[in-house]
Amino acid sequence: MKTGQLESRLLILVTLGLVAFGLVMVYSATSASAALANGDPSYFLKRQAIYAVLGLVLMVLVSRLDFRVMRRLAPLLLVGSLALLLAVLAIGQSVNGARRWISFGPAVFQPSELAKLALAV
């Protein structure tokens with residue numbers, strides 16, 4: 001086995017394990033309320049599974065990128081995320097007195113998630 005292969009395989013295995021554990025927790029926490037609300041106890045599980053698959057696909061695509069490309073994009077990501085964080089104050093949805101989300105039609109976006117990624121890069 002090449003140097004670093006064991007670590008990357010272990011990281012992938014741990015990631016898949018955490019995704020599977022999260023799906024089980026979503027199902028166990030929401031199956032009763034989903035069954036009462038719309039008759040499908042796995043409604044939230046299906047929705048979360050779609051997001052998990054999309055996240056895993058994005059993870060694979062980004063892992064194929066050269067890290068130097070991400071380094072060049074870092075200032076743009078930081079400025080963009082700061083602009084979106086400020087935009088939340090003006091156009092964000094207020095839920096229970098807090099503004100955390102921006103709506104783009106049917107899609108809802110939380111700019112703090114992009115800010116976490118931008119700071120990590």
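The values are calculated or read from the model by the stated rules, or taken from the named source; none is laboratory data. Bear in mind that the values here come from a model prediction, so they are computed numbers and not experimental data. Every residue, glycine as well, gets a Cβ built from its backbone with ideal geometry; the counts of neighbours run over all protein chains shown. Accessible surface areas use protein heavy atoms only, side chains included; no ligands, DNA or RNA. Shrake-Rupley method; radii C 1.70, N 1.55, O 1.52, S 1.80 Å.
Magnitude of the Cβ-charge dipole of the chain, K/R +1 and D/E -1, about the Cα centre, nearest 20 debye?
With Lys and Arg at +1 and Asp and Glu at -1, about 320 debye.
At R0 = 25 Å, how high is the FRET efficiency between residue 116 and residue 2 if r is their beta carbon distance? Nearest 0.05 is fine.
Working: r = 31 Å, r/R0 = 1.24.
The computed FRET efficiency comes out at 0.20.
Looking at 26, 115, 36, which one has the Cα that reaches farthest to the positive end of the dipole of the chain (charges on Cβ: Lys, Arg +1; Asp, Glu -1)?
Checking the options against the dipole of the chain, the answer is 115.
Please say if the stretch 1-43 is rounded, prolate or oblate, where rounded means a/c under 1.5 for a ≥ b ≥ c the square roots of the C-alpha gyration tensor eigenvalues, and otherwise the choice is prolate for a/b larger than b/c and oblate otherwise?
It comes out prolate by the Cα gyration axes.
Could you please put 16, 11 in sequence from largest to smallest accessible area, using a 1.4 Å probe?
11, 16
Take residue 11, project a point 7 Å from its Cα along the Cβ direction, then tell me which residues of the stretch 97-121 have their backbone nitrogen under 19 Å from it.
Counting only backbone N, you get 116-121.
Could you compute how fast the chain diffuses translationally, taking Rh as the Kirkwood radius over C-alpha pairs and applying Stokes-Einstein at 20 °C with viscosity 1.002 mPa s? Give it in µm² per second.
D, rounded to a whole number, is 123 µm²/s.
Considering only DSSP states other than H, G, I, E and B, which trypsin sites (Lys or Arg not before Pro) in the stretch 1-54 qualify as loop sites with at most 11 other Cβ atoms within 10 Å?
Answer in residue order: 2.
Would you please give the residues with an amide H less than 5 Å from that of residue 101, counting only those at least 5 places away or on a separate chain, with H modeled from the backbone geometry?
93
What spacing in nm lies between the two simple spin-label points modelled at residue 56 and residue 109, each 7 Å away from Cα in the Cβ direction?
The two pseudo-label positions are separated by 2.6 nm.
In whole percent, how big is the carbon plus sulfur part of the accessible area of the chain, probe 1.4 Å, protein atoms only? Intermediate values should be presented prior to the final figure.
Details: 6560 of 9290 Å².
Exposed carbon and sulfur together represent 71 percent of the surface.
Using the Karplus equation 6.51 cos²θ - 1.76 cosθ + 1.60 (θ = phi - 60°), what ³J(HN,Hα) coupling, rounded to whole Hz, does each residue of the stretch 78-94 give in order, writing x for Gly and Pro?
Running phi through 6.51 cos²θ - 1.76 cosθ + 1.60 with θ = phi - 60° gives 5, 5, x, 5, 5, 4, 5, 5, 6, 5, 4, 5, 8, 10, x, 6, 9 Hz.
Need the full-extension length gain, residue 82 to residue 18, defined as separation in residues times 0.36 nm minus the C-alpha distance. One decimal, nm.
The residue 82-residue 18 span can extend by a further 20.1 nm.
So how strong a dipole does the stretch 1-68 carry about its Cα centre when Lys and Arg Cβ are +1 and Asp and Glu Cβ are -1, to the nearest 20 debye?
For this selection, approximately 200 debye.
What does the accessible area per residue of the stretch 1-110 come to in Å², with a 1.4 Å probe and no ligands, DNA or RNA counted?
Solvent-accessible surface per residue comes out at 78 Å².
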